[in-house]
1. Return the only residue of Ala245, Ala257 being in a helix (DSSP H, G or I), assigned by TED's automatic domain parsing to the domain that holds Asn157 and under 24 Å from Val193 (Cβ atoms).
2. Inside segment 203-224, can you point out the residues that are of a type in the set (Asp, Glu) and within 13 Å of Leu153 (Cβ to Cβ)?
3. Taking segment 206-229 as the region of interest, how many residues are assigned to a helix (DSSP H, G or I) and within 19 Å of Ile146 (Cβ to Cβ)?
4. When you go through Met56, Met1 one by one, which is the residue that is open to solvent by less than 40 Å² (accessible area, probe 1.4 Å), closer than 21 Å to Ala162 by Cβ and either within 15 Å of the ligand (Cβ to nearest atom) or not assigned by TED's automatic domain parsing to the domain that holds Ala245 (or both)?
5. Does Val299 satisfy being modelled with pLDDT of 95 or more and open to solvent by less than 70 Å² (accessible area, probe 1.4 Å)?
6. From the list Ala47, Ala61, Ala91, Ala81, which one is crowded, with 21+ Cβ neighbours inside 10 Å, within 14 Å of the ligand (Cβ to nearest atom) and over 30 Å from Gln179 (Cα atoms)?
7. Scan segment 179-231 residue by residue and report those that are among the basic types (Lys, Arg) and either buried (at least 22 other Cβ atoms within 10 Å of the Cβ) or under 26 Å from Glu287 (Cα atoms) (or both).
8. All but one of (1) closer than 20 Å to Asp216 by Cα; (2) open to solvent by 30 Å² or more (accessible area, probe 1.4 Å) hold for His141; which doesn't?
Amino acid sequence: MVKAIEWTDGKVRILDQTRLPREIVYIETEDYLDVAEAIRSLRIRGAPAIGIAASMGFALAALAIRADSVQQLSERLEEPARTLVSTRPTAVNIRWAIERMNSLLRKNLDEPVQKVKELLVEEAKAILEEDIETNRAIGVHGAELIRDGDTILTHCNAGALATGGYGTATAPMLVAREQGKEIRVIADETRPVLQGARLTAWELMEAGIPVTLITDNSAGALMRKGEIDLCIVGTDRTVRNGDVANKIGTYTVSVLAREHGIPFYVAAPLSSIDLTIPSGDMIPIEERPPEEVTHISGVSIAPEGVNVLNMAFDVTPARNVTAIITEKGIFHPRDIRKLAEEGLNLDQIRIKMW
Ligand code: MRU
């Protein structure tokens, strides 16, 4: 399976997704600033993958710092942490990963500096490995929602490339296929930077899953013709009231799905759930450079100087979400709030029957 990111011999190895599907090119670095640049410029992207990248960037920064104590190491890591967190604002996974690394520092203040640096590297590797396990579990739960013969629409790329491996939205598809179900995937191309066309179509073809690429504005027509059975998308941040931030255009798909009575599922690892924010209106939405809209593969397609608004994400209200697929089971979006209120006692609120 394709690997978006790896830790190898003290270096971080990132598959440059801006070059896909034409070229398979890796970046190898020992410098956390290169990792930050790779996140900012979408060489690595997708909420879980950028969380993993941030934790590895943090570990690289730690290895390069001279410090006499873990306290000093921790203080000197504040600037790298800020830089990594500031790369992309919408996905909560970066903050989640950096908080996890900082918490490890706090627990080991009396240990030797060298040992703690090694622990940080191990923690970053663990975040990657756990993400793969998480996705596999999302796949097992989510596959229950897929019937033999289903056609599934997905938006953007929430596949192996967006994670440590396996993907979130794609995991149920992969498990359904392993279970012998015949499925077909419809991939929205996902303007402006075409993660659906360049990444989802490519990785599903590599995985041997039948995939049909459509323009973003074709989804409604296909739904109207009865050609979509369900939608599964990923998320960058799902908040307490069950609102879901994901790639721009996801909201539109959810409205279309509701209009046509088609189930709309969100695959959300717990690392993408932010219980500190009460409503989707408060999720910071990243705005990206105008060139992503005015150009395709470096070729200008719009009049020079035109005003551009390039919102990278939108928010789908909980009422449009049929269910949220996590590694702990399938939940109704209104029950996300209970995750906070009931102290993460997931078993009480998991939806048992679908
Ligand atoms: O701008 P991107 O490519 O990072 O946006 C990615 C998405 O919107 C994904 O759907 C989301 O991060 C979930 S990835 C499992």
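The values are calculated or read from the model by the stated rules, or taken from the named source; none is laboratory data. This is a predicted model, so every value here is computed, not measured. We place every Cβ from the backbone using ideal geometry, glycine too, and count neighbours over all the protein chains shown. What goes into the accessible areas is simple: the full protein's heavy atoms, side chains included, and nothing from ligands, DNA or RNA. Shrake-Rupley method; radii C 1.70, N 1.55, O 1.52, S 1.80 Å.
1. Values: Ala245 fails: in a helix (DSSP H, G or I).
Exactly one of Ala245, Ala257 is in a helix (DSSP H, G or I), assigned by TED's automatic domain parsing to the domain that holds Asn157 and under 24 Å from Val193 (Cβ atoms), namely Ala257.
2. Looking only at segment 203-224, we keep the residues that are of a type in the set (Asp, Glu), and these are 203, 206, 216.
If the condition is that a residue be of a type in the set (Asp, Glu) and within 13 Å of Leu153 (Cβ to Cβ), then Asp216 is the only one that fits.
3. The first filter runs over segment 206-229 and keeps only residues assigned to a helix (DSSP H, G or I), leaving 206, 216-224.
Narrowing the set further to residues that are within 19 Å of Ile146 (Cβ to Cβ) leaves 219, 222-223.
The qualifying residues number 3.
4. Working: Met1 fails: open to solvent by less than 40 Å² (accessible area, probe 1.4 Å).
Being open to solvent by less than 40 Å² (accessible area, probe 1.4 Å), closer than 21 Å to Ala162 by Cβ and either within 15 Å of the ligand (Cβ to nearest atom) or not assigned by TED's automatic domain parsing to the domain that holds Ala245 (or both) holds for just one of Met56, Met1, which is Met56.
5. Working: modelled with pLDDT of 95 or more: yes; open to solvent by less than 70 Å² (accessible area, probe 1.4 Å): no.
So Val299 does not fit the description; no.
6. On the way: Ala47 fails: over 30 Å from Gln179 (Cα atoms); Ala61 fails: within 14 Å of the ligand (Cβ to nearest atom); Ala81 fails: within 14 Å of the ligand (Cβ to nearest atom).
None of the others qualify; the one that does is Ala91.
7. Those that are among the basic types (Lys, Arg) and either buried (at least 22 other Cβ atoms within 10 Å of the Cβ) or under 26 Å from Glu287 (Cα atoms) (or both): Arg191, Arg198.
8. (1)
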